[in-house]
Every structure is written in C-alpha cells, then in structure tokens.
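Contents: one structure, followed by commentary.
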Amino acid sequence: MLRWVRLSKYCELSNETRDSVVKRLRTGKWLRDVHARQPEGSSELWVNLEAVNDWCEGKKPAHLHGSASAAARRPTQRPPTFSCKSSITLRFLSCSARTCS
C-alpha cells in the first residue's frame, strides 16, 4: 500500500478540497511532516495516508505517544499585524488616543 500520495490524488480519493487540507495544517489539526509535507524539488504537497487514517481513528501520531499532548506541540499563532498606510488612519489613531471633541 502506498504511504505518501500527491495532494491531488488524495483529494481525488477522499473527495476533499485542497483548501480543507491546507486549513487542517494551518490550524494544527494535521502536523506538517507527519500528515503532509512538501519534499524538496516537488511543487505539490504529499499526504501520508497512514497518518491520516490514524488521525481519523483518533490516534496520536507515533512520535507523540508517551509525550506531551499534540496541543502543546502546536505552533503558536502570531497575532495579526496592522500597518497604517494612510494619514487618515494615523489621524484617527492619534485622535482616539486622546479625548476628541
């Protein structure tokens, strides 16, 4: 049985979208290099069918057995950054910092 398949083949087999896979990776439900990876020289993600089956059955990935929970290993998400690109925004921010009449 194949262990790794291209994302396009996985989507064809599972009837899922590429976006749903990317979202699972982004939110930490799937782990990069465990459930999916993009090998050097490849333009496409590859999906580990064994790891996906384990995830579906509620099993932890093999490297997490007997260690800290997967939630503790999830990458922390950075808060969104905002940049002020207009003087109107800057005036509003400086005005709201003090009491405006």
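Of all residues in region 1-15, which are under 13 Å from Leu49 (Cβ atoms) and not in a helix (DSSP H, G or I)?
The answer is Met1, Leu2, Arg3, Trp4, Val5, Arg6.
Within region 1-52, work out how many residues are aliphatic (A, V, I, L, M) and within 17 Å of the chain's Cα centre (by Cα).
Residues meeting the conditions: 11.
Any idea how many residues of region 17-60 are at pLDDT 95 or above, acidic (Asp, Glu) and surrounded by 15 or more Cβ atoms within 10 Å (Cβ to Cβ)?
Here the count works out to 0.
The values are calculated or read from the model by the stated rules, or taken from the named source; none is laboratory data. All figures in this text were calculated on a predicted structure; none of them were measured in a lab. All Cβ positions, even for glycine, are placed from backbone atoms using ideal geometry, and neighbour counts span all protein chains on display.
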